[in-house]
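Since the structure comes first, as structure tokens, the remarks are kept for the end.
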Amino acid sequence: MTRLSDSLHDTIREQLKEVIPSPTYETWIDPIEFYRQDERAVVVPVANVYVQDWFERKYKSVISKALCCALQKEVEVVFRVSPAADPRASSEREPASPQTITSTHETEQAQGSVATLPMTDLQIIPAYTFENFVVGQSNRLAHAAALGAAENPSRAYNPLFLHGAVGLGKTHLLQAICHTLLSRLPDIRIHYTSCEGFVNDYISAVKRSELDPFRRKYRELDVLLIDDIHFLANKEGSQEEFFHTFNALHNASRQIILSSDSSPEDIATLEDRLISRFKWGMVARIDPPTFETRVAILRKKAETSGYDIPNDVLNYIAEKIDTNIRELEGAVLTVTMRSEVESRSISLELAREALGDVSRSRPRPIQVSDIQTAVCDHFNIRLSDLQSRKRSQMISLPRQIAIYLTRRLTPYSLEDIGGYFSGKDHSTIMYAIDRIKERVASDPQLRATVEALHAHLLEQSQKHPSWMSRPA
Ligand code: ADP
Ligand code: MG
């Protein structure tokens, strides 16, 4: 199959834009891609069966029309489920390319040249800014400290150590610091990476006996940000190297910013000398948001996504989901998608149905927790192990299968999925999905297991909507 040319894509998008209202167009239609299968058919990859079903019913005819016009002949449009296609995640279309942030200042100066975050292994999300971060009691200190570090690097707090459970906004704040620094100081030397990125860099430098370039890369910086530093647990060599990196930067008054899922002293097997260094500057904890903050976050998400969500629905979601902000976002997505699929306006009744309080005839979107539970039951392992970073084969294979199924059965982006699996970054998630794809292709027994789990989940969602656990 070959992808239609960019100019054909532009023509088709122009036409669709005229007939499909935004925000539907922006969220779902704009990111889709068209592939020529043969003379008579064009394939549109979609992320899962729900999106496929929805496109079939609502948009097949307009998309066919736009295609026929652009290609000047009759063609059939086929929506094909492909786990690699996520219509919402346009930024993932080229997952292998290095991620960059554009600094407005430099773009103005040098027409299109970009200030880059040098070679980060993490996906940089333009929306993770301070403006889009809702401040409440639970994150006020972390937010103020992050803002201080962004406005006064190396002078406010050094190091800045943010910690809190998954899905509470650590990555958002770290990236907000990057956005602010790069737009204010385009020449600043800044490196933002996951701890896994740091560890992998170090290991490959050791293997190639190229420690000097590695050290220059990490020590000749104005600001170093490392996300999920708890990943250093159990990695003695990397801890040693990080210790020296830390000292070099700190002695030169360069800003260090770290995030972690637990406080410095609670990171298992972290050396005492690192624990004490992490506490030299500011340690700020992020707690789960209060009800008021959850409502404020939901209101902000609704505003930015362009959906009109009534207050009683926002309150209902905020009451129902009281832990994690990622789950809140998932609930908004579930509710808005249901309203789109069924062409109904968003109401309390619809939200109740979508989030599983009322039995209904249509299948409810499968939740990540349903997939995790089904995989744990099948392999007879604990949920906490599946969600942990343990690497034994007994745990990592089921975990990779769960990640693969999540990609196939939910509309979540790689980033989102990472959040459900101890905050893995999008390249790790991509790796897990590719691993299972390869193994399914060559190992019939594994294929049977994966397909059985897939079928089981789909069947349960259709037959017994109440079987599904609630998304909180
Ligand atoms: P963590 O890194 O702590 O696991 P993230 O930073 O990935 O969490 O946050 C999860 C999701 O919740 C992201 O989409 C983020 O934008 C959103 N989020 C978290 N905190 C806030 C907040 N205070 N205001 C708005 N959105 C938030
Ligand atoms: Mg994170």
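What follows draws every value from the coordinates through simple rules; no lab data is involved. Every value quoted in this text rests on a predicted model; they were computed, and no experiment measured them. Neighbour counts are summed over all protein chains in view; Cβ atoms, including those assigned to glycine, are modelled from backbone coordinates with ideal geometry.
A few remarks follow.
- Dipole of region 131-276 computed with +1 at Lys/Arg Cβ and -1 at Asp/Glu Cβ about the Cα centre; of I267, S253, V206, farthest Cα towards the positive end is S253.
- A simple rule links phi to the HN-Hα coupling: the Karplus curve 6.51 cos²θ - 1.76 cosθ + 1.60 with θ = phi - 60°, which for region 224-235 gives 10, 10, 10, 8, 6, 5, 4, 5, 6, 3, 6, 10 Hz, with x for Gly and Pro.
- Calculated P(r) of the chain - Cα pairs past 37 Å, %: 31
- For region 202-299, the alpha carbon convex hull comes to 134 Å³ per residue, rounded to a whole number.
- Candidate aspartates and glutamates for bridging to K320, where Cα separation is under 18 Å - those fewer than 8 sequence places away on the same chain excluded: D287, E292, D312, E329, E349, E353, D357, D370
- Computed across region 242-297, the Kirkwood radius stands at 13.3 Å (inverse of mean 1/r, all Cα pairs).
- Footprinting exposure proxy for C69, C376 (fewest neighbouring C-beta atoms within 10 Å first): C69, C376
- For region 425-437, backbone phi angles converted through the Karplus equation (6.51, -1.76, 1.60; θ = phi - 60°) give residue-by-residue couplings of 7, 5, 6, 5, 5, 4, 4, 4, 5, 4, 4, 5, 4 Hz, Gly and Pro being listed as x.
- Residue-by-residue Karplus 3J(HN,Hα) for region 246-260, coefficients 6.51, -1.76, 1.60, Hz, glycine and proline x: 4, 4, 4, 5, 5, 4, 8, 6, 9, 6, 10, 10, 10, 10, 7
- Ratio of Rg to Rh over region 1-68 (Cα coordinates, Kirkwood Rh, two decimals): 0.93
- Kirkwood Rh, angstrom, region 195-236 [1 / mean 1/r, Cα pairs]: 11.0
- Given K207/K390; K170/K217; K170/K235; K300/K437; K17/K73; K279/K424, the pairs whose alpha carbons are separated by over 28 Å: K300/K437
- In terms of surrounding Cβ atoms within a 10 Å radius of their Cβ, T2, T193 rank from fewest to most as T2, T193.
- Value of Rg/Rh across region 144-254 [Cα atoms, Kirkwood radius]: 0.96
- Between amide H atoms placed 1.01 Å from N, distances below 5 Å from A41 occur with E76, all of them 5 or more places distant or on a separate chain.
- Unit Cα scatterers, Debye sum, region 284-412: log10 I(q)/I(0) for q = 0.11, 0.17, 0.19, 0.20 Å⁻¹: -0.47, -0.96, -1.08, -1.13
- Separation of alpha-carbon centers, region 325-357 and region 384-462, rounded to whole Å: 25
- Among E74, E329, a tally of other beta-carbon atoms within 10 Å of each Cβ gives an order, fewest to most, of E74, E329.
- Normalised by 2.2 N^0.38 Å, with N the number of residues, the alpha-carbon radius of gyration of region 244-340 equals 1.56.
- Cα-projected label distance for N152 with C69, points at 7 Å along beta-carbon direction, nm: 5.7
- Where a label projected 7 Å from the Cα of V62 along Cα→Cβ would reach, residues of region 10-47 with amide N under 15 Å: 12-32
- Crossing angle, helix 170-184 versus the chain [Cα axis fit, 0-90 degrees, rounded to tens]: 70
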